[in-house]
Amino acid sequence: MLYKFQCKKAADVLMLEDLTSKIFAIIGRPLEPRGIFLLEQLPIAIAKLEAAIAEDLERKKNSPENTPSESSEESGHSINHDRLGQRAYPFINLLKEALLKKEMVSWGV
C-alpha cells in the first residue's frame, strides 16, 4: 500500500507501507489509512525519529558486518547499507517544513 503525506506549504511525500509502518512504530502511533499530525505533535515525532536514526547509525557503525573487508578495500568498493535516515529523510523534512510553516500534516492511502 502507498501512503501520501501532505502539507499545504511543502512537497508531498509518498511512502510504501513497510517504511510507513516502521516510522509510525518509532513515533508510537498506530498506522491508520487516513490521519493528521497536529502542529503540537510534530516536534515529538521529529525528536523520536531523529533519536532512532542516531541509534541506527551508531548500531551500524559498531556492527562487525560493516567493517570493510580486505577485498572491498582492495577493490575500492565500499559497502552501502540502507539506513533508516536515508529512507526517512523526506518524511522528516516534511514534518520540519510543516512545523516551520505552522501547518498540519495529513495522510491517506
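The values are calculated or read from the model by the stated rules, or taken from the named source; none is laboratory data. Nothing here was measured: the structure is a model prediction, and the numbers come from that model. Reconstructed Cβ throughout: ideal geometry from the backbone, glycine too, with neighbour counts over all protein chains shown.
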For GLY28, which of the numbered conditions (1) among the small types (Gly, Ala, Ser); (2) farther than 16 Å from GLN86 by Cα; (3) surrounded by 15 or more Cβ atoms within 10 Å (Cβ to Cβ) fails to hold?
(3)
Which residue pairs have Cβ atoms under 7 Å apart, sit 6 or more places apart or on different chains, and have a first residue in segment 82-94 that is free of Cβ contacts under 8 Å to residues at least 60 places away in the same chain and a second that is surrounded by fewer than 16 Cβ atoms within 10 Å (Cβ to Cβ) and among the hydrophobic types (A, V, I, L, M, F, W, C)?
ARG83/LEU57; GLY85/LEU57
Of all residues in segment 73-109 being modelled with pLDDT under 95, touching a helix residue (DSSP H, G or I) at 6+ places or on another chain (Cβ under 8 Å) and part of a helix (DSSP H, G or I), which is surrounded by the most Cβ atoms within 10 Å (Cβ to Cβ)?
ALA88
Among the residues of segment 1-28, how many are out of contact with any helix residue (DSSP H, G or I) (no Cβ under 8 Å at 6 or more places or on another chain) and more than 12 Å from VAL105 (Cβ to Cβ)?
8
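Would you pick out the residues in segment 32-55 that are in a loop (DSSP other than H, G, I, E, B) and in contact (Cβ under 8 Å) with a residue 40 or more places away in the chain? Even if it seems obvious, please write down each step before you answer.
To start, the set of residues in segment 32-55 that are in a loop (DSSP other than H, G, I, E, B) comprises 32-34, 38.
Selection gives PRO33, ARG34, LEU38.
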What's the number of the only condition in (1) over 17 Å from the mean Cα position of the chain (by Cα); (2) within 16 Å of CYS7 (Cβ to Cβ); (3) at pLDDT below 95 that GLU70 fails to meet?
(2)
